[in-house]
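Okay, structure first, notes after.
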Amino acid sequence: MRFEVKIEVSPRKGIANPEGSTIERTLPALGFKTAGDVRVGKVIRLQVEADSSAAAKTIAQDMCDRFLSNPVIEDASVEVLDT
Amino acid sequence: MSQRVGVVRFPGTNCEFDTVDAVNELGGQAKVLWHGDSDLGDVDAIVIPGGFAHGDYLRCGAIARFSPIMDSIAAFARNGGPVLGICNGFQVLTEAGLLPGALQKNIGLKFLCCMQQIQFVSTTNIVGVGARVGDLLSIPINHFEGNYVCSEDTLRQLEEENRIVFRYTDNPNGSIGDIAGISNEPGNVVGMMPHPERATSMLLGSNDGSSLIQSLLAAGPIPTA
């Protein structure tokens, strides 16, 4: 079966995220004074052939660990979307 | 002596000819090596120059690690061969696991292109031949992702093993510990964000980079055992 997978790569906690900080400083100008801890990452979507949703997640997690994210500075979360 | 220098070109590399010119003018013999080849030929040293290898897609240097030449460079480094990564080359070396840590966006979110003062912290490496700890150099930087980051354990290890090669005297990009360049444990693999090949003549504003390239030419293999 083919599964649609959504991978979210985000800067690790404790690693400076200048894009997030810049957005956070800007939001109050529009009146959004309650936002905090803004962090900017990226989303990777892909399809993977696997026997089950759990297997698809394992494959995608392996991609993250070995290539799609850099564990020094990034965390990755994998979500198999309902198809 | 490391007179024959291989300068690696990936799709998107753009500093290979500056590096070739600098090496040749300083008495070495440089040749460009294509990333898709796995044969390094008869070179005595490798430079991975600046640019945007494979478009810097995904992360800077992330795709370059899969180029066929990188396995050969890793083997060359394991045998003590001198490998210098400049700017994008530094990013490639971290992504390939030849140096620890990573380089992320500059803290001010600005692309920085300016002369920068750096200071030698360690000279027991391939760019430190003839240098003294504390020496100050003016060498240009030219990067958006030059903000060096690593875990606290790695930073402690780098300091204890004397592997911080350069620190900025006025940190331009947010690098942890003001780090501008590091080496591996034996000192035969060095990564640095500043561009020594762009500081090889007073016509360019500084010739402080010449001594680093001359050091690379003089270094020779370093025992890694």
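The values are calculated or read from the model by the stated rules, or taken from the named source; none is laboratory data. All values reported here derive from a predicted model rather than from experimental measurement. Virtual Cβ from ideal backbone geometry, glycine too; neighbours counted across all protein chains shown. Please note that ligands, DNA and RNA were not included when accessible areas were found on the heavy atoms of the full protein model with its side chains. Shrake-Rupley method; radii C 1.70, N 1.55, O 1.52, S 1.80 Å.
Quick check on the protein assembly as shown: helices-only [θ] at 222 nm, where DSSP H runs of length 4 and up contribute -39,500 (n - 2.57) each and the sum goes over total residues. Nearest 500, please.
Theoretical 222 nm ellipticity from helices: -6500 deg cm²/dmol.
What does the charge count around B:VAL7 come to, taking other residues whose C-beta lies under 9 Å from its C-beta (Lys +1, Arg +1, Asp -1, Glu -1)?
With Lys, Arg at +1 and Asp, Glu at -1, the net is +1.
If I compute solvent accessible area with a 1.4 Å probe over the protein chains, what percent of it on the protein assembly as shown is carbon and sulfur?
Carbon and sulfur atoms account for 51 percent of the accessible area of the protein assembly as shown.
What does the range A:1-54 give for Rg and for Dmax, in Å, if only its C-alpha atoms count?
Rg and Dmax of the range A:1-54, Cα atoms, are 16.6, 50 Å.
Return the average number of partner chain Cβ atoms within 10 angstrom of each residue Cβ along peptide B:104-114. Spell out each step's value before the answer.
Working: counts 9, 6, 1, 3, 2, 4, 1, 0, 0, 0, 0.
Partner-chain Cβ atoms within 10 Å, mean over residues of B:104-114: 2.
If amide H atoms are built 1.01 Å from N in the plane of the peptide, which residues on other chains or at least 5 residues away come under 5 Å of the amide H of B:ALA30?
HN-HN under 5 Å from B:ALA30: B:VAL5, B:ASN24.
What are the ³J(HN,Hα) couplings of the range A:47-60, residue after residue, when phi is run through the Karplus curve with 6.51, -1.76, 1.60 and θ = phi - 60°? Round to Hz, x for glycine and proline.
Per-residue couplings from phi come out as 10, 9, 8, 7, 6, 8, 4, 5, 5, 4, 5, 4, 4, 5 Hz.
Rounded to the nearest 100 Å², what is the buried accessible area between A and B, both sides summed, probe 1.4 Å?
Chains A and B together bury roughly 1200 Å² of accessible area.
Residues with beta-carbon under 9 Å from that of A:MET1, excluding A:MET1: net charge, scoring Lys, Arg +1 and Asp, Glu -1?
Net local charge, A:MET1 excluded: -1.
Could you compute the net charge surrounding B:VAL32? Neighbours are other residues with a C-beta less than 11 Å from the C-beta of B:VAL32; K and R count +1, D and E count -1.
0
Just how large is the dipole of the range B:4-219 about the Cα centre, in debye to the nearest 20, putting +1 at every Lys and Arg Cβ and -1 at every Asp and Glu Cβ? Can you show the working numbers first?
Values: 13 positive and 23 negative charges, 44 e Å.
The dipole of the range B:4-219 has a size of about 220 debye.
For the protein assembly as shown, please report how many Lys pairs fall under 16 Å Cα to Cα, leaving out neighbours fewer than 8 apart on the same chain.
5
Order of B:77-89, A:19-31 by packing, highest average Cβ count within 10 Å first?
Working: B:77-89: 25.0, A:19-31: 12.4.
In descending order of packing, they fall as B:77-89, A:19-31.
Can you work out the Karplus-derived ³J(HN,Hα) for every residue in the range B:56-63? Use 6.51 cos²θ - 1.76 cosθ + 1.60 with θ = phi - 60°, whole Hz, and x for glycine or proline.
Karplus values, whole Hz, x for Gly and Pro: 6, 5, 6, 8, 4, x, 5, 7.
Work out from phi, with θ = phi - 60° and the Karplus expression 6.51 cos²θ - 1.76 cosθ + 1.60, the ³J(HN,Hα) of each residue of the range B:6-22, listed in order in whole Hz, and give x for Gly and Pro.
x, 10, 7, 10, 9, x, x, 5, 9, 10, 5, 6, 4, 5, 4, 4, 4
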